[in-house]
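To start, the structure under review is shown below, and the notes come after it.
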């Protein structure tokens, strides 16, 4: 027997409602490394055919997000920047998210605030 919560995504798809509406849009991101460096980035998230996609604007240029997953209020994704893979894990709370990143021989924190759609 299926749980009621398992039916929700199917019902939303059938109704034509976007599953990731609260994530869609542009996010102003502040990332800090363990070395104390601060980076101001922009995250753009879009839903296309029921799948979440996005880009991260970095000093090296925009990069596509890979392996985007959402489970409850947790968002995870990977990016490839300057020859290194980075993974990000963040908790989404309305128009804000906060979490950590790891990659390129370093770790750090990430905070983001939604700026628009």
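Descriptive notes on the structure:
- By the Stokes-Einstein formula, at 0.692 mPa s and 37 °C, the range 19-116 with its Kirkwood radius over alpha-carbon pairs has D equal to 245 µm²/s.
- Rounded FRET efficiency, nearest 0.05, which uses the C-beta distance separating residue 102 from residue 48 and R0 of 22 Å: 0.20
- In this simple spin-label approximation, residue 55 and residue 37 carry label points 7 Å from Cα along the Cα→Cβ vector, and these lie 2.3 nm apart.
Computed from the coordinates by the stated procedures, all read-outs in this text should not be read as laboratory data. Every value quoted in this text rests on a predicted model; they were computed, and no experiment measured them. Because the Cβ atoms are built from the backbone with ideal geometry, glycine has one as well, and the counts that use them run over all protein chains shown.
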